[in-house]
Structures are given as C-alpha cells and as structure tokens.
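Read the structure below first, then the notes.
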Ligand code: 4IA
C-alpha cells in the first residue's frame with residue numbers, strides 16, 4: 001500500500017481538489033495519509049462497497065477525523081449521521097417520512113412559485129441583460145427563502161444558519177485554521193440552533209412540528225425530537241446552497257447544456273444530480289473500521305479512520321465515461337454525492353425539489369448564462385463551496 005503526504009484539507013487542495021483526487025485514485029484501492037494517520041479510498045468501487053458495509057465501517061465513532069472512542073465530540077452526536085442501527089432506525093424512519101416525496105407534494109407548487117418570483121424580481125427592470133453573483137442572489141437566496149419556512153423556525157436569527165453549517169462542516173476535518181476561526185462563534189451559533197429545535201418556537205405546519213408530532217405518537221422520545229430537528233438545520237442548508245451553486249456553475253460554463261435544458265426543462269432533476277456528481281458539494285467524510293478489514297492486500301486496522309472521497313469516486317474513470325464533463329446526456333444515478341447505503345441523504349428529495357424549482361424558473365426566462373468574472377471558491381474542510389460566482393444573464 002502506498003503512503004502519501006497529500007493534505008486533503010490544505011488551502012491549496014481546497015482551492016482545486018481534483019488533481020489530488022486523481023493522485024489518490026491512481027495510488028491504489030486504499031492508501032494511507034501519513035499526515036493524519038488515516039486511510040483513504042478514492043475509487044468508486046471501494047467507496048461504494050464501504051458505504052454499503054455499515055457493519056465493518058460504522059458511523060458511531062464519528063464521521064469526521066476525530067474518533068469519538070477517544071475524544072469528546074464538540075456537540076452531542078447526531079442521531080442520524082453519527083449513530084448506527086438499531087439506535088439510528090427510529091429517527092431515520094421519522095425524518096424520511098417528514099421530508100419524503102409524499103410530504104413534499106404540498107410544497108411543490110409553492111416552491112415553484114417562490115422560485116419564479118425570486119427570478120422575476122432579480123430580472124425586473126434590467127432591460128434584457130444583468131450581472132449578478134449567483135451564490136448570494138440565487139444559490140443562497142432560494143433555499144433561505146423556502147427551507148427555514150418549511151422547517152417552521154422563526155425569522156429572527158436565520159442569518160446564523162449558514163455560519164453554523166460552515167463550522168459544522170469544517171469540524172469534520174482536522175483542527176486547522178478553518179476550524180480555529182470558526183470556534184470563536186461556535187458556542188453562540190450552536191446555542192441559537194439548539195433553541196430553534198424546541199417545540200414552542202416551531203410553526204405548527206412545518207417539518208419541525210411533524211417531528212415533534214412523531215414524539216407524541218411515541219415514534220421518538222422527547223429527548224430525541226429536538227436532535228432530529230437539529231439534523232434538518234445542520235444538513236439542509238449549506239448542502240443545498242452549494243448544490244445549487246454547483247449546478248449554476250455547471251451551466252455557466254457549459255452553454256450547450258443550458259441550451260438543452262431550455263429546450264427540455266424536464267431535465268432539471270437529472271441536471272441537478274449530474275451537478276452533484278460533477279462537483280460533489282459534500283466532498284468527503286470518514287468512517288471507522290470496526291475490526292481489521294482486508295481491502296485488496298491491505299489490512300485496515302480496527303479503530304482506524306478511513307476518509308471516503310465521494311468527490312473522487314464520482315469522477316472515477318473506472319465507473320464514469322469522461323467523468324470531468326458535465327453532461328445532461330449521461331445517467332448520473334449511482335453517484336455517491338448523497339452517500340450510499342443506509343445513511344444515504346434523507347433530505348435528497350428536498351434538495352431535488354429546490355433545484356427543480358429554481359432551474360425551471362431560470363430556464364423559462366434566461367436565454368444565456370455565462371461567467372462574468374472569476375469564480376471564487378470558499379474553503380471548507382468538507383464542502384465544495386463558493387464565495388462568489390459572477391454571472392451574466394441574458395433574458396428572453
Ligand atoms: C446531522 C454529511 C452531512 C450532509 C450531514 C451533516 C449533519 C447531519 C447529517 C448529515 O447533523 O444529522
């Protein structure tokens with residue numbers, strides 16, 4: 001097995017992660033990252049197999065670098081993300097009903113109308129051409145307009161959602177400068193998020209109230225309910241923001257694909273999944289070996305942390321033809337951008353509905369979308385994120 005000095009969390013890598021992914025993929029089915037004393041998988045077959053094998057690679061020791069067997073977690077562990085069956089099963093069943101396709105049906109029209117309204121306001125009075133930052137004006141604006149309302153949290157303090165998520169996703173990585181900078185506000189942001197999970201503050205018709213109703217039915221305990229609401233607020237904001245940023249970046253750099261979407265707007269959902277494959281908004285997370293596990297000719301020792309490169313698996317040429325190309329003609333299903341196996345993203349239907357609404361609204365109104373300046377990445381230990389994406393829109 002190869003030992004590598006690569007640093008997945010350096011600013012250089014976060015600025016442009018793709019060359020390092022290729023190095024790791026080509027180095028073997030599993031490699032050792034000496035800097036952090038962890039193992040890493042970057043090929044599709046191994047990442048997929050490990051995510052599906054939750055018995056060998058459980059999550060309860062944390063899905064970040066820190067091992068909960070030896071270190072106290074910075075916040076109480078998530079009942080979904082950082083818990084294995086059987087404890088994970090009730091929270092998962094409740095949440096997958098609350099944000100599943102059936103529950104989302106009542107939001108569909110409303111979210112499509114909200115997206116149309118957002119886009120109309122951005123374009124109003126611009127005389128056919130407009131330049132804007134696709135991150136703030138679209139990728140952040142749309143989820144922040146629909147998702148907190150759907151959960152049912154109060155308006156006050158919503159500006160804390162993105163900074164909370166930014167720190168949470170940094171905290172899965174090593175204690176580098178990104179984490180140190182975030183620590184300053186972590187206490188205050190966590191306290192705010194926790195306060196929004198209480199039954200008294202949640203609107204009666206939202207996802208949050210539906211989670212508390214499950215506690216009334218006895219499907220969850222009253223101790224579990226607020227933590228399940230916390231999962232929505234933790235995993236549901238930054239991820240969708242940067243998923244939308246990814247698909248907007250994709251179209252701004254692939255004019256022929258935008259043409260195709262304009263012609264066939266029913267491709268909006270495929271386009272979003274293809275962008276999730278292509279950019280992998282959640283680039284990595286860890287598992288922990290529960291016992292000595294043989295992978296190829298390498299024994300990953302019991303207790304070792306293994307970094308799963310979702311982003312590298314999603315561009316593995318062993319699995320995808322011409323993987324670096326964003327292409328609406330391919331079938332992106334099977335990508336591991338939402339994870340795989342029994343922890344696979346429970347909110348993926350929410351994310352897809354947001355993307356479908358926003359892309360449909362844009363495709364109906366915008367003839368051309370192209371970069372109007374240099375896209376600026378936002379460095380985060382877990383996320384492929386953007387500070388700004390200057391775009392030029394030409395209207396119909
Ligand atoms: C939670 C991996 C990521 C999308 C995620 C982050 C937080 C939680 C779940 C998933 O707090 O439950």
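Values quoted throughout were computed directly from the atomic coordinates according to the rules given, and no laboratory measurement underlies them. Since the structure is predicted, the reported quantities are computational estimates derived from the model, not experimental observations. Neighbour counts run over all protein chains shown; Cβ positions are idealised from the backbone, glycine included.
Using the alpha-carbon centroid of each, what span in Å lies between segment 303-325 and segment 1-59?
That distance is 9 Å.
Among 310-318, 342-350, 153-161, how do they line up by average Cβ neighbours within 10 Å per residue, starting with the highest?
Details: 310-318: 22.4, 342-350: 19.6, 153-161: 15.3.
Ranked by mean Cβ neighbours within 10 Å, highest first: 310-318, 342-350, 153-161.
Which one, 335, 379, 254, has the greatest fluctuation when you compute a Gaussian network model over the chain with C-alpha springs under 10 angstrom?
The residue that fluctuates most here is 254.
Which distance in Å, rounded to a whole number, links the C-alpha centroids of segment 228-268 and segment 380-395?
11
Place the peptides 28-39, 178-189, 274-285 in order of packing, highest mean first, counting for every residue the other Cβ atoms within 10 Å and averaging per peptide.
274-285, 28-39, 178-189
Considering every Cα-Cα pair within segment 153-263, what fraction, in whole percent, is farther apart than 16 Å?
67
Hey, how many Å between the Cα centroid of segment 171-218 and the Cα centroid of segment 92-167?
Measuring centre to centre over Cα atoms gives 18 Å.
Could you estimate the translational diffusion coefficient of segment 289-394 from the Stokes-Einstein equation, with Rh from the Kirkwood formula over C-alpha pairs, at 10 °C and 1.306 mPa s, in whole µm²/s?
90
Rounded, prolate or oblate for segment 1-125? Axes are the square roots of the Cα gyration tensor eigenvalues, ordered a ≥ b ≥ c, and the cut-off for rounded is a/c under 1.5.
Oblate.
Suppose the chain between residue 89 and residue 221 were pulled fully straight at 0.36 nm per residue; how much longer would it get relative to their current alpha carbon spacing?
Net length gain for the segment: 46.2 nm.
Between residue 205 and residue 68, how many nm apart are label points set 7 Å from Cα along the C-beta direction?
For residue 205 paired with residue 68, the spin-label model returns 3.6 nm.
Would you mind classifying segment 211-290 by shape? Square roots of the alpha carbon gyration tensor eigenvalues, ordered a ≥ b ≥ c; an a/c under 1.5 is rounded, otherwise it is prolate if a/b is larger than b/c and oblate if not.
In terms of gyration-tensor shape, prolate.
Roughly what would the spin-label model give for residue 394 and residue 15, points 7 Å off Cα along C-beta, in nm?
3.3
Can you work out the FRET efficiency for the pair residue 131 and residue 256, with r the C-beta to C-beta distance and R0 = 25 Å, to the nearest 0.05?
Details: r = 22 Å, r/R0 = 0.87.
Taking R0 as 25 Å, the efficiency between residue 131 and residue 256 is 0.70.
Pull out a ≥ b ≥ c, the square roots of the eigenvalues of the alpha-carbon gyration tensor of the chain, then state rounded if a/c is under 1.5, prolate if not and a/b is larger than b/c, and oblate in the remaining case.
oblate
How large is the Kirkwood hydrodynamic radius of segment 1-66, in angstrom, based on all distinct alpha carbon pairs?
Values: mean 1/r = 0.0780 Å⁻¹.
Hydrodynamic radius (Kirkwood, Cα only) of segment 1-66 equals 12.8 Å.
Debye sum, Cα scatterers, segment 208-344, no solvent: what log₁₀ I/I(0) at q = 0.11, 0.16 1/Å?
Once normalised to I(0) and log-transformed, intensities are -0.59, -0.95.
Compare the peptides 164-170, 195-201 by average per-residue count of other Cβ atoms within 10 angstrom and give them in order, highest first.
Highest to lowest by the protection proxy: 164-170, 195-201.
What is the gain in length, in nm to one decimal, between residue 183 and residue 2 on full extension, counting 0.36 nm per residue of separation less the C-alpha to C-alpha distance?
61.7 nm
Treating only the Cα positions of segment 30-78 as identical point scatterers, give the base-10 log of I(q)/I(0) from the Debye formula at each q in 0.25, 0.28, 0.31 Å⁻¹.
Values, matching the q order: -1.07, -1.13, -1.16.
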